[in-house]
Each structure stands twice: as structure tokens, then as C-alpha cells.
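These notes are about the structure you will find just below.
The values are calculated or read from the model by the stated rules, or taken from the named source; none is laboratory data. Worth saying up front: this structure is predicted, and the values here are computed from it rather than measured. Cβ sites come from the backbone with ideal geometry, for glycine too, and all protein chains shown count toward neighbours.
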Amino acid sequence: MPALALPIGIARALVRIAAPLTLSPRLSPTAQRRRSELITRLLVPPPGTQVMQESLGAVRCERVAVPGSAGDGALLYLHGGGYITGSPRTHRAVAAGLVAHLGVPAYVLDYRLAPEHPHPAALEDAICAYRALLDRGISPGRIAVAGDSAGGGLALALAMALRDAGDRLPAVVGMICPWLDLVPDCEGTRSRVPREPIVTPELAASYASAYVGDGNPAQASVSPLHGDLRGLPPLVLSSASDDPLANDAQALAERADAEGLELEHQRVEDLWHDVHVLARVLPAAAEALAAIARSMRARLAPSPPALRVGIIGAGMSGICMANQLKQAGLDDFIIYEKAREVGGTWRENRYPGLTCDVPSRFYSYSFAPNPDWSCHFSPGPEIQRYFEKVTDELQLRPHIRFGTEITEARWDEGRWTVWTRDGQRDVVDLLVTATGVLHHPNIPAIPGLETFAGAAFHSARWDESVHIPGRRVAVIGTGSTGVQITAALGGVAASLLVLQRTAQWILPVPNMPYSPLARLVLRGLPPLNRVSYRVYQHLLEAILGAAVTRNGLARKVLAALCRANLRLGVPDPELRRRLTPDYEPLCKRLVMSTGFYPALQRDGVELVTEKIDHIEPHGIVTADGRLHPVDVIVLATGFDAHAYVRPMQIVGENGVTLEQAWAQGPRAYRTIALPGFPNLFTLIGPHSPVGNHSLIAVAEAQAGYVMRWIERMRDNALAAVAPTSEATDRYNDELQRALPSTVWASGCKSWYLDAAGNPELWPWSPRRHREMLQAPIPGDFAMRARRGD
């Protein structure tokens, strides 16, 4: 679809003005290239176009794709420019236009240009790039080769060279206004066409001379019109009536017809040379470009069946994984969600005072910034609404099977079979667990808890029917959740009993609101959202990320702030003594609050540090024998952070269960995959960077890694992949060697530690985690090809 619909007459007039200023024998090649780059910046690719710098073999290129491009195929695109000018940048828009109709990504080759690199440099680069696509495992039946002008001639010369070398040939060759004959026009058959605004005999002669050099212009690798057409793949040809090179196209069509070669010739009337590159501004050019793309697509082999992906959990990481699949054009996926709404831990947790301890701007998807956060640290209900909104905007609900709890997943004959609690069965090719880390409430085994006559519930199962004002409330636990509940209920409940097992270091971070003006500006200037996301990311990683992983200035500064907050915030020496931890700040998850210390000093709030002995129907009895009468007990006792996907039963190869594989504790390959469990990926898996970091950012990095494996499996016809035990052992050995230098190993008890007292966290920077997941290492994986491939 053109971005701007220019009338043909106006477009022709504009090109007639621009062409001699850009492409002229009187200009040096460098000047022509510079001006071409400048003027083609006006040709913007369609919205949603994804551009990535890559290399095919030793040749640089741009990978141009649109949503829905199937990575199991490819278009090798050879740009025009008379072998003298042109680049992937100048032809990005026309490549994107082809991709939109062809259904596969384009690799726009940055081949060497004359006169610095005359023939056969461009052809050698094209051959190298094509073979690199084959080396990636892309079937030749799923590869199209195309080009415009000189690139069209180069595309045909490439097909001839591949045929002569015995290479497997592409499915189709497309040519747009191709330059097929560089032999000097001694007979004047290419005389000036009055209505043609670009190609002049002088320009063609100068370009031909520069490219051919001292070679023979009649050889097929230079002028493919003079070559042998036998044994070539199907050709699709688009020419323009007002193009001086239309004679080349017509001659090729006549030869193909005489020699029985399949060739489809599309002639567009009243248009000029290479008009197709103006598809973004000229409707007739867009129609011509779409026509050749559709004809090429009809000659590509069908794409192999897509992998069916199952995602367990529609929380933060499950939504993230689903978005990655949607953006890649993969719609055959299902999300199993045991609840009736998305959101995960933010759906489950509804306690008073619930607030995220990661800045709002950073605790959001990079692909879905939210300009309307109410404050710097978002309240829980607002985060839940955000996840619901993103789910709706991404149109993910049709993929979610609500009320479906997976109880077992088994690797069976090359696929995963999953069973639900109600006995239903489903089969997927690849399984992603997105069950979260703060998922299973940790219910303490306190004697007599079941005898309590009042209301007793875990903070993650808040009973909203219980009226708090005027009641005697006990909060068991002073971790992050207990601190938030205490700050919210102090002065609301008739009395508040805070039972502390271990004192916490508190970092005083104020939660300032965003003004209506700030939200208005961010709505009007979306780039500011992206900037603020990166700013908070870098600040959090530079300060907190550095503080927990190495003993340096950041750790000392944060520790000093925590100690100063306790000293200044609690004047009473006795209360301050009871609130002083016996371990270094940051050893446990750092708690952020400005309201906890003031709440503890309110009338009606009492801190209890005696150990709980048992619970009676009307209160809590501590080890000193004192009965504390209460009406409501809130268990702010955290979660089983080491359960991960359990208690779901997962059975991998040879009947080995996850429980057996993790008999010595949870371990994974690079936080995300397990040896012996093919096609299984774990988001927020063992040793992920979860300590005071945005789990959304972690999930995005991990989901991106899963997508790269899905693309590799699709492109290389792989049925199953799993990390090897050797690669997993190497990674975990390195990880264990790094953990003692972290603050979590400095001497405290927390949910960060495993049963043996070893931290189960990421011991390096979050940036290193992202970089580690940038690209799969095939040598670390055992891979199995599809049957028949």
C-alpha cells in the first residue's frame, strides 16, 4: 500500500528532475552513491518492517522482514544501480514491498561495486551469499532470487553460474526491468526513449565500461541474455513500456519461449525504468511490484508445517512469549492458564499496600510502553490492568485456554503430550513453562494454625470479605510483602501485631506520583517512553546490579543508606536494636519502603520478635508464653521460590522425571533449557536474575532466545533440540564458581538460598545474561532432524 499516492505525471516529472542530479557520468561513483542514499531516504519501508544487519558468508546484507515472514524461506535480493551505485539502504523499501507479498524475509546483498570491484566481484558475492543460505538449512525450493535493473541481470547470471557449478537451484528468479545485455550498443537499438527519465545511452555506456573493465561484455556472466537458458529455474520478468531496457526483457522472453523455458513476462504500460522502487509513493508501481511478488510466491515450495507451541501460564512471562510468537507470524500456539484471567502473581496478590519495587517505566514490556503509570512504583491493581490491556491489544485471548491447569507433560514420540486436571489431553511440538517464580505460597507449619477461630490467610490469597478496620490483625513476616502490608494497615486496624522472625534492611525510596502533565507529554511523545525505559534500566543495573554481584562502591553506598535510614527513622534505641539485622545489607532481597518504620511507631502497632510457639483459637502464643489476642492472621511468609514448574509432573527422555533430574536441586542450561528434556524451555528458570530486577526484562531476553531456537528449528528442519549434559555442566560449574563473590553468600538465610545454603541466583550482571542469550550455540545442543529431511 503506497504511503503517498502521487499521480504518474507528477512522479515522472520528479524523477526526471532528480535522476540527472543523482545518476550521471559527470559525477564520481562516490558522489552518485552518496546522492542515491540521500534521495532514497524519502522511500520509507512499510510500517512494521524489521531490518537487521547480517552477513551471508563473507558478504554483508540487510535482512528485511515484515510480521508473518516465514524464516524457513528467503528472498536473495540483488539491488540495482548499474553495478556502480545502490545498497541495501537504497533498496530497503522495494525489498520490503516484495516481502509483504512473498511471505519470506529478504536478504538485500551489499555486494561489491565497480569501478573499485569490477566483474566478477558482484557475481562472486552473490554466489557466496546464496550458498550461505543453503548452509543455513534453507531448502532451495524455499529460496527466491530477484533483482532490479543491474540486479535483475545479476540474478539471472547467478542462476546460470549455480547451474554450471552443479549447485542446487533456487525455486524462482525474479527480474525487475533487468539489464541483461552490456554489449556496446553500436547499432543504436537502445536509443533514447523520450518519456524515460532515468536511463540514457551515455549512462548505460559508462556503467557498462566500469563494470566490464577489460573483460568480454558478451560473456554470459556479464550479459546473461547471451547465455544458455537450458536447465534454469522458472523466471518471472517485469518490464516497463517506456524503459530503453525493455528490449532486453522482450528478447529474453522470446528466447525462453523458443527454448521451452518457463518464463512469465509482465509488462506495465506508461511507466519507466525501475519504476517499481517507487511502490511506496506510486500506486501503479505498487501494483506491479505486488504482481511479480505473487508470481514468485506461487513458484516457492510450500512452507513445512509450523511448530505448535504450548505455553504454560498467562502471567507476565507467558504474555511476553506469546507476543514474540505473534510478531514472528506464528499463530499456532496455545496458552494454558489455570485461572480465569491473565496476570499471574499480580492477579493472585491483592493485599493492601501491594506495590512493585521496580520502577514502573522499567517494569513494563519494552514493546508495550505505558505512558499512564500513576507513580514511580506502580500499585498492584494498576500492573494487573496493564497486563490485561496488553493481552487485549495483542489479541492474545483467542490463544488462551482459561481454567486449564496442566498437571503432567510427557515427551512422547518427538512431541509433548500434556494432561489437564480435568483429564483433557493436548499435544504440542514445543513447550514453554511460564509458571513464574513467586507462585506457590509458603504456608508455615505453625502448630494450631488450623484451630484459629478467626480469619487466617496467606497474603497471596487475600480474603477481601474480611473487614480490617476495627479488627485486631497479626502480620506474620517482615519481608517485602509484610513490610508493605504493615505500612498500609498501621493506623487502619484497631491493633496491628507484626511478628518478625528476621529483621530486614530497608532502603528509603519515595514513591512519587507522575503529574498529569508528565503523562500527557509521554502520551504525545512515545520516544520519551523508550528513553525513560532505558534510563531506568541502566540506573538499576549500574547501581543495584553492581551492588549485589561485586563488593564495590555501589554496595557500600546502598549499605550506608540502609543503616542511615534505620538510625534516623527509628529514634527509640530499643526498637532500633530489635530492627537491626545481623547480616550485611542486600544479603536478602532488598526491601524498599518509606512507610514501614513510621507505621511500627504508631499507636496500636506492636513489633514482636519472640518466636511463635503455637496458635490457639483466639490468638497467637509466643515462646515467652504470652497470648496475643487477634481476630485476623495474615501469613506474609513468601513463596516456595525453588518449586518452579512443580508440582506439575514433567517427564523427559527415557522416562526421566524432572524430580529425578533435579534431585540435587534445580539446575538448567543458561537459565532456560534442560538436558534430557527436548523442546522444553523454562522462562524465569533456575538461576535467573530475579533479585531486585525487572522480571519482565529477564523474560523478554529469555523469550527472544526461545524464538531464535524456534526459527533455527524451522529453518533447519529440526524436530527436537536439547542442551547436552556436558554443556549444562560447564555452565553450572562456572556459575557456582562465581556465586561466592555475591552478597547473597555473605551469611544470611533467605529464599535466595537452596537447601545446602547456596544462592540460586544469577551471579553476574543482567547485561551479561542478555548477551548470553543473544544467539544459540548449536554445539551445546543435541539436535534431531525431522523425519524425511
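The figures follow:
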item: Test: residue 408 is in a helix (DSSP H, G or I) and out of contact with any helix residue (DSSP H, G or I) (no Cβ under 7 Å at 6 or more places or on another chain); result: no
item: Residue count for the range 492-523, restricted to those that are surrounded by 15 or more Cβ atoms within 10 Å (Cβ to Cβ), in contact with a strand residue (DSSP E or B) (Cβ under 9 Å, 6 or more places away or on another chain) and not in a strand (DSSP E or B); result: 9
item: Single residue of the range 117-151 satisfying the filter (touching a residue at least 24 places away in the same chain (Cβ under 8 Å) and in a loop (DSSP other than H, G, I, E, B)) that is surrounded by the most Cβ atoms within 10 Å (Cβ to Cβ); result: 149
item: Wholly enclosed strands (runs of 3 or more DSSP E) of the range 47-110 bearing at least 1 residues surrounded by fewer than 24 Cβ atoms within 10 Å (Cβ to Cβ); result: 50-56, 59-65
item: Filter result for residue 741 (more than 22 Å from the chain's Cα centre (by Cα) and more than 22 Å from residue 645 (Cβ to Cβ)); result: yes
item: When residues of the range 306-349 are limited to those that are hydrophobic (A, V, I, L, M, F, W, C), modelled with pLDDT under 95 and within 16 Å of residue 398 (Cβ to Cβ), the one surrounded by the most Cβ atoms within 10 Å (Cβ to Cβ); result: 325
item: Meets criteria (free of Cβ contacts under 8 Å to residues at least 24 places away in the same chain, of a type in the set (Gly, Ala, Ser) and closer than 25 Å to residue 784 by Cα) for residue 655; result: yes
item: Unique residue being in contact with a His (Cβ under 9 Å, 6 or more places away or on another chain), in contact (Cβ under 8 Å) with a residue 40 or more places away in the chain and under 17 Å from residue 158 (Cβ atoms) when the list is 221, 238; result: 221
item: So residue 605, is it touching a strand residue (DSSP E or B) at 6+ places or on another chain (Cβ under 6 Å) and more than 28 Å from residue 458 (Cα to Cα); result: no
item: Wholly enclosed helices (runs of 4 or more DSSP H) of the range 689-789 bearing at least 2 residues in contact with a Cys (Cβ under 9 Å, 6 or more places away or on another chain) and not assigned by TED's automatic domain parsing to the domain that holds residue 591; result: 695-715
item: The range 717-738, subset touching a strand residue (DSSP E or B) at 6+ places or on another chain (Cβ under 8 Å) and buried (at least 18 other Cβ atoms within 10 Å of the Cβ), residue farthest from residue 653 (Cα to Cα); result: 731
item: Residue match in the range 102-113 (condition: without any contact (Cβ under 8 Å) to a residue 24 or more places away in the chain and either in the same structural domain as residue 175 (by TED's automatic domain parsing) or over 22 Å from residue 180 (Cβ atoms) (or both)); result: yes
item: Restricting the range 434-476 to residues that are outside any loop (DSSP other than H, G, I, E, B) and not hydrophobic (A, V, I, L, M, F, W, C), the residue that is surrounded by the most Cβ atoms within 10 Å (Cβ to Cβ); result: 459
item: Boolean, residue 383 is closer than 19 Å to residue 593 by Cβ, at pLDDT 95 or above and under 22 Å from the mean Cα position of the chain (by Cα); result: yes
item: Selection from the range 350-362 of residues that are out of contact with any Phe, Trp or Tyr (no Cβ under 7 Å at 6 or more places or on another chain) and modelled with pLDDT of 95 or more; result: 352, 353, 354
item: Cβ pairs under 7 Å, 6+ apart, first in the range 345-366 and within 19 Å of residue 390 (Cα to Cα), second of a type in the set (Val, Ile, Thr); result: 346/383; 356/383; 363/696; 364/696; 365/390; 365/696
